[in-house]
Amino acid sequence: MINAMDIVLATKNRKKAEEMGRIFDGYDVRFITLDSFPGCPDVEEDGKTFRANSLKKARAVSAFTGRPAIADDSGLEVMALGRAPGVYSARYAGEGATDSLNVRKLLQEMKGLEGEDRAARFVCCLALVLPDGHHKTFTGYVYGSIGKKEKGSNGFGYDPLFYPEGHDRTFAEMTAPEKDAMSHRGRALKKLHQYLITLPQSKS
Ligand code: IMP
């Protein structure tokens, strides 16, 4: 289905592209970032689900570039808050909010919540869209709980508050490879990887 295994990553984030490149090392898949396609329109993430947002982005990029495209959308869901901040994770404290303002708002919203009520999960949905319109999505989760204060300085976003299940360190206290091995993004990427390598044309 995918002949030229050039896949456009619907991101300008080089780190995401490098991470994908590492995971697909040894396979005949090459990721190109949006930097190679100036003029590609920005897509408003106005969907109600991670899946809707990732599909919308991947569709727009595939249509613009005429190539297979991959887009992701991710965020944090706190069960006791009705799965907030969810798709609003990046702008929980308002449009253009910083990570630290979002973290502060989350701690405020969770004041008084104890034990099980601090349960949360990170979600990442990756959408693959082909130029002929075919699409497939891959979702990864990591379950854990939200601490009462920030710990650690690695990572980004809500990492300093998130304790993955079975661990007494937050994501921000872990190294990147440690986090990647269990993260929502790592898990979604593994599913995508599994899918791509089973396509006959994708083996090197
Ligand atoms: P996006 O998928 O790049 O739109 O990111 C959505 C938002 O979710 C980020 O700005 C973070 O606030 C949060 N988020 C997503 N993944 C992670 C993660 O791995 N660690 C911490 N925060 C995350």
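Given the criteria among the hydrophobic types (A, V, I, L, M, F, W, C), over 19 Å from M20 (Cβ atoms) and either touching a Ser or Thr at 6+ places or on another chain (Cβ under 7 Å) or modelled with pLDDT of 95 or more (or both), does L113 qualify?
Values: among the hydrophobic types (A, V, I, L, M, F, W, C): yes; over 19 Å from M20 (Cβ atoms): yes; either touching a Ser or Thr at 6+ places or on another chain (Cβ under 7 Å) or modelled with pLDDT of 95 or more (or both): yes.
Yes, satisfied.
Among the residues of region 137-158, are any out of contact with any helix residue (DSSP H, G or I) (no Cβ under 8 Å at 6 or more places or on another chain), over 30 Å from D6 (Cβ atoms) and of a type in the set (D, E)? Scanning region 137-158 turns up no residue that is out of contact with any helix residue (DSSP H, G or I) (no Cβ under 8 Å at 6 or more places or on another chain), over 30 Å from D6 (Cβ atoms) and of a type in the set (D, E). Being within 15 Å of L161 (Cα to Cα), modelled with pLDDT of 95 or more and buried (at least 16 other Cβ atoms within 10 Å of the Cβ), is that true of even one residue in region 46-55? Looking for residues that are within 15 Å of L161 (Cα to Cα), modelled with pLDDT of 95 or more and buried (at least 16 other Cβ atoms within 10 Å of the Cβ), one finds none in region 46-55, hence no.
On the basis of being away from the ligand (no atom under 12 Å from the Cβ) and acidic (D, E), does D46 make the cut? The answer is yes for D46.
Would region 174-193 turn up any residue that is away from the ligand (no atom under 13 Å from the Cβ), at pLDDT 95 or above and not basic (K, R)? Within region 174-193, not a single residue is away from the ligand (no atom under 13 Å from the Cβ), at pLDDT 95 or above and not basic (K, R). Can you tell me which residues in region 14-55 are more than 24 Å from K190 (Cβ to Cβ), part of a loop (DSSP other than H, G, I, E, B) and out of contact with any strand residue (DSSP E or B) (no Cβ under 9 Å at 6 or more places or on another chain)? Correct list: P38, G39, P41, D42, E44, D46, K48.
Scanning region 121-139 for residues that are aromatic (F, W, Y) and more than 13 Å from the ligand (Cβ to nearest atom) gives a single hit, F138. Scanning region 54-81 for residues that are within 14 Å of the ligand (Cβ to nearest atom) and more than 11 Å from the chain's Cα centre (by Cα) yields L55, K56, K57, A58, I70, E77, V78.
Would you say S74 is surrounded by fewer than 17 Cβ atoms within 10 Å (Cβ to Cβ) and among the hydroxyl-bearing types (S, T, Y)? Step through it out loud before you land on a result.
Values: surrounded by fewer than 17 Cβ atoms within 10 Å (Cβ to Cβ): no; among the hydroxyl-bearing types (S, T, Y): yes.
Here the answer is no, as S74 does not meet what is asked.
Checking each residue in region 90-128 for being crowded, with 21+ Cβ neighbours inside 10 Å and within 16 Å of the chain's Cα centre (by Cα) picks out A120, F122, V123, C124, C125, L126, A127, L128.
Restricting region 140-151 to residues that are more than 10 Å from the ligand (Cβ to nearest atom) and part of a strand (DSSP E or B), which is most open to solvent (accessible area, probe 1.4 Å)?
Ranking the candidates gives Y143 first.
For region 152-173, which positions are in contact with a Lys or Arg (Cβ under 7 Å, 6 or more places away or on another chain), small (G, A, S) and away from the ligand (no atom under 12 Å from the Cβ)? If the condition is that a residue be in contact with a Lys or Arg (Cβ under 7 Å, 6 or more places away or on another chain), small (G, A, S) and away from the ligand (no atom under 12 Å from the Cβ), then no residue fits.
The values are calculated or read from the model by the stated rules, or taken from the named source; none is laboratory data. No experiment lies behind these values; they were computed from the predicted model shown. Every residue, glycine among them, receives a Cβ derived from its backbone with ideal geometry; neighbour counts consider all protein chains shown. Accessible surface areas use protein heavy atoms only, side chains included; no ligands, DNA or RNA. Shrake-Rupley method; radii C 1.70, N 1.55, O 1.52, S 1.80 Å.
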